[in-house]
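K.L.:
My questions all concern the structure below.
The values are calculated or read from the model by the stated rules, or taken from the named source; none is laboratory data. Predicted model, so just to flag it, every value in this text is computed and none were measured. Surface accessibility is based on the protein's heavy atoms, side chains included, excluding ligands, DNA and RNA. Shrake-Rupley method; radii C 1.70, N 1.55, O 1.52, S 1.80 Å.
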Amino acid sequence: AATWARVASLIGTCRLNAVNPEAYVAATLRKILDQHMQTDIDTLMPWNFGK
């Protein structure tokens, strides 16, 4: 139940920010795999996606 709550929250946040949840998750995972700097975590938030 906790995992589903996290996923639902992420999807809801994406929708509130007019972001495609599937595209957001794919891009975010790609950035993490490409060694995204932990200090730049704010750039991975849904409200910053596509900027």
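K.L.:
Fully extended, how many nm does the chain gain between Asp40 and Thr13 (0.36 nm per residue separation, minus their Cα-Cα distance)?
P.N.:
Numbers: separation 27, 0.36 × 27 = 9.72 nm, distance 1.93 nm.
Once the chain is fully extended between Asp40 and Thr13, it gains 7.8 nm.
K.L.:
To test your reading of the geometry: what angle, between 0 and 90 degrees and rounded to tens, separates the Cα axis of helix 21-33 from the longest principal axis of the chain?
P.N.:
Approximately 30 degrees, to the nearest 10.
K.L.:
So how do Leu33, Leu44, Leu16, Leu10 rank on accessible area, 1.4 Å probe, biggest first, that is with the largest at the start? It would help to have the intermediate numbers written out before the result.
P.N.:
Numbers: Leu33 115, Leu44 15, Leu16 155, Leu10 65 Å².
Per-residue accessible area, sorted high to low, gives Leu16, Leu33, Leu10, Leu44.
K.L.:
Probe of 1.4 angstrom, ligands and nucleic acids ignored: what's the accessible area per residue over the chain, in square angstrom?
P.N.:
Accessible area per residue: 81 Å².
K.L.:
Roughly how tilted is helix 2-16, in degrees to the nearest 10 and between 0 and 90, from the longest Cα axis of the chain?
P.N.:
80 degrees
K.L.:
Using only the Cα atoms of the chain, what do you get for the radius of gyration and for Dmax, in Å?
P.N.:
11.2, 32
K.L.:
Could you check how much of the accessible area of the chain is carbon and sulfur, as a whole percent, using a 1.4 Å probe? Display every interim value, and only then the final one.
P.N.:
Numbers: 2510 of 4150 Å².
Its accessible area is 60 percent carbon and sulfur atoms.
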